[in-house]
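One structure is given here, and the rest of the page talks about it.
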Ligand SMILES: [Zn+2]
């Protein structure tokens, strides 16, 4: 859970930058070994996935099914 820091300035209106300005990091997907980019810096310990594998890994389905 390394994203918890980002919740600090939630309602301050500080977060209006364009998304394109995000820094992207070149990584190799841990699952399909495809070259891809992620918007966070890999820590070298946790597996990093491309967008396709990431979606498969954490499906966002509604809790009421
Ligand atoms: Zn992949």
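How much length would be gained if the chain were fully extended between residue 37 and residue 63, taking 0.36 nm per residue of separation minus their Cα-Cα distance, in nm to one decimal?
On the way: separation 26, 0.36 × 26 = 9.36 nm, distance 2.94 nm.
Full-extension gain reported as 6.4 nm.
Extents of segment 19-65, largest first, come to 36, 26, 18 Å (Cα atoms, principal axes, whole angstrom).
Rule-based calculations on the coordinates, nothing more; no lab input. These numbers come from a predicted model, not from an experiment.
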